[in-house]
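For reference, the structure is listed below as structure tokens.
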Amino acid sequence: MKTFKLISIEVFDHDTFREIEMVDGLIINKEDEKNTWLIEIYTKPDQVDFFEKSLQNQEDQIIRVVITKKDNDPVSFHIQTRSITKLENNVSVMLHGTLKRTSRKNYSEILLKDLLDQGLNGETLLQEFQSKMKNKPYLTSINNSSSSSSN
């Protein structure tokens, strides 16, 4: 198993990513045959509504995390909320999930296609593409791409 510092976490909620304010967090690659990861975040009590709904409904969710360094690219996961534990001032949220692989090439191709489908061209297309490649927004058409691509 390998453990990494969790820098940030965003949850896919109502067709957009929303950042969860973290106090601290870590992520563990179990390196098992199912390619599973464990994620623990410490957050403020007002940040857990998404996870409470996920736990109650036992629904798979999509999250995006940045690991180790702030300038690393975000990585998407399919997760399930396993537990929520109230602590003295914070809340511990345990997640269990699998990595959702999308290569940079595949991501850029999907992004470019989405922007062209929106009718963008010329300088506007270039500026929007550069901005989105930097911010890496979640692309709904990634759901239709192969999950076997590698980074």
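The values are calculated or read from the model by the stated rules, or taken from the named source; none is laboratory data. The structure displayed is predicted, hence computed values, not measured ones. Cβ sites come from the backbone with ideal geometry, for glycine too, and all protein chains shown count toward neighbours.
Condition (residue is at pLDDT 80 or above, part of a loop (DSSP other than H, G, I, E, B), over 21 Å from residue 31 (Cβ atoms) and within 15 Å of the chain's Cα centre (by Cα)) applied to the stretch 106-121: is it met by at least one residue? No: the stretch 106-121 contains no residue that is at pLDDT 80 or above, part of a loop (DSSP other than H, G, I, E, B), over 21 Å from residue 31 (Cβ atoms) and within 15 Å of the chain's Cα centre (by Cα). State all residues of the stretch 67-81 that are in a strand (DSSP E or B), free of Cβ contacts under 8 Å to residues at least 60 places away in the same chain and out of contact with any helix residue (DSSP H, G or I) (no Cβ under 9 Å at 6 or more places or on another chain); if no residue qualifies, say none. Hits for the stretch 67-81 are 75, 77, 78. Answer yes or no as to whether residue 90 is crowded, with 16+ Cβ neighbours inside 10 Å, at pLDDT 75 or above, over 18 Å from residue 12 (Cα atoms) and in the same structural domain as residue 26 (by TED's automatic domain parsing). Yes: the conditions hold for residue 90. Against the list (1) in the same structural domain as residue 132 (by TED's automatic domain parsing); (2) surrounded by fewer than 16 Cβ atoms within 10 Å (Cβ to Cβ), the condition residue 114 fails is (2). Restricting the search to strands (runs of 3 or more DSSP E) fully inside the stretch 1-52 and requiring at least 3 residues that are within 21 Å of residue 85 (Cα to Cα) and assigned by TED's automatic domain parsing to the domain that holds residue 94 gives 2-13, 22-29, 36-43.
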